[in-house]
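Contents: one structure, followed by commentary.
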Amino acid sequence: MDGAINVLKRDGAIEDFLLAKLHGCIGNGFASSGEPHERNSATSRGLAEAVQTYLRKSRPNSAVPSDHLGELVELVLTQTGYSAASAAIKHHHHVREKLRRWVKVAHYRPRDGSYVHRQWDKSRIVQSLQQVHQIDAPAARVIAGRVEEHVFCCGLKVVTTELVEEMMRSEMLAWGLLPGALNVKSNSRRGSAARPAELRERIGDALPQPKARTLKDQSDPT
């Protein structure tokens with residue numbers, strides 16, 4: 001559509017800009033800084049729409065790097081008098097990047113019975129969801145973000161690939177993307193799991209409802 005905005009992710013992927021995700025990010029910053037939900041909900045949406053309008057005018061033909069998008073959010077919050085929310089988002093981003101360097105994933109190697117460790121990489125989960133389960137990119141990133149949140153909240157320095165895969169399956173089941181999901185999601189269509197487009201609609205409805213959570217519990221804004 002005209003005026004569409006694309007976002008360049010850290011792994012090089014290009015995706016559509018999601019206003020609901022930006023709204024949720026700003027709302028989480030307000031919640032972490034102690035703003036009441038009744039006040040921050042409308043304000044966060046207004047600020048998210050202001051950022052969206054600015055991007056449409058300033059970058060009509062190029063993708064916006066996700067890091068630049070995060071900097072814009074922090075700048076807008078600071079300039080509108082919400083420096084505490086801006087600081088909360090910046091601190092959360094710093095903590096999340098630190099955890100991504102700290103957490104390791106252990107893969108079992110049957111031929112010699114050992115485990116091979118590699119650095120945590122959320123993009124591997126996204127790729128698996130897309131290639132193995134045929135989930136489209138926006139929905140795959142939301143699910144991968146939730147899996148990452150669960151892993152980091154565990155406080156474990158090393159997690160196994162089996163644990164990560166189980167978390168992926170649990171999230172897909174919760175969103176109606178696996179056989180048997182009807183037992184979890186009563187509003188799924190009988191006899192079939194939810195389609196990716198339906199998942200995006202559910203996620204879009206859910207994301208703009210920020211909750212008062214600790215920084216460790218929040219989703220990554222980008």
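The values are calculated or read from the model by the stated rules, or taken from the named source; none is laboratory data. All of these numbers come straight from a predicted model, not from anything done at the bench. Every residue, glycine among them, receives a Cβ derived from its backbone with ideal geometry; neighbour counts consider all protein chains shown.
Restricting attention to region 46-71, the residues being assigned to a helix (DSSP H, G or I) and under 21 Å from His91 (Cα atoms) number 9.
Looking for something touching a strand residue (DSSP E or B) at 6+ places or on another chain (Cβ under 7 Å), touching a residue at least 60 places away in the same chain (Cβ under 8 Å) and closer than 18 Å to Tyr82 by Cβ - is there at least one such residue anywhere in region 55-70? It would help to see each step written out before you state the result.
Quick first cut of region 55-70, residues touching a strand residue (DSSP E or B) at 6+ places or on another chain (Cβ under 7 Å) only: 55, 63-66, 69.
Adding the requirement that they be touching a residue at least 60 places away in the same chain (Cβ under 8 Å) leaves 66, 69.
If we keep only those that are closer than 18 Å to Tyr82 by Cβ too, we end up with 69.
Within region 55-70, one or more residues are touching a strand residue (DSSP E or B) at 6+ places or on another chain (Cβ under 7 Å), touching a residue at least 60 places away in the same chain (Cβ under 8 Å) and closer than 18 Å to Tyr82 by Cβ.
In the set Ser58, Ser114, Ser66, only one residue is surrounded by 13 or more Cβ atoms within 10 Å (Cβ to Cβ) and at negative phi; that residue is Ser66.
Put simply, of Ala139, Ala84, Ala88, Ala106 the only residue that is under 30 Å from Ala42 (Cβ atoms), more than 18 Å from the chain's Cα centre (by Cα) and in contact (Cβ under 8 Å) with a residue 24 or more places away in the chain is Ala84. Residues that are closer than 14 Å to Ile135 by Cβ and either in contact with a strand residue (DSSP E or B) (Cβ under 6 Å, 6 or more places away or on another chain) or without any contact (Cβ under 8 Å) to a residue 12 or more places away in the chain (or both) within region 164-178 comprise Arg169, Leu173, Ala174, listed in sequence order. Yes or no: region 124-131 includes at least one residue that is farther than 16 Å from Leu178 by Cβ, touching a Ser or Thr at 6+ places or on another chain (Cβ under 7 Å) and either in the same structural domain as Gly24 (by TED's automatic domain parsing) or surrounded by 15 or more Cβ atoms within 10 Å (Cβ to Cβ) (or both). Scanning region 124-131 turns up no residue that is farther than 16 Å from Leu178 by Cβ, touching a Ser or Thr at 6+ places or on another chain (Cβ under 7 Å) and either in the same structural domain as Gly24 (by TED's automatic domain parsing) or surrounded by 15 or more Cβ atoms within 10 Å (Cβ to Cβ) (or both). Within region 108-117, is there a residue that is closer than 30 Å to Ile26 by Cα and at pLDDT 90 or above? No, the conditions are met nowhere in region 108-117.
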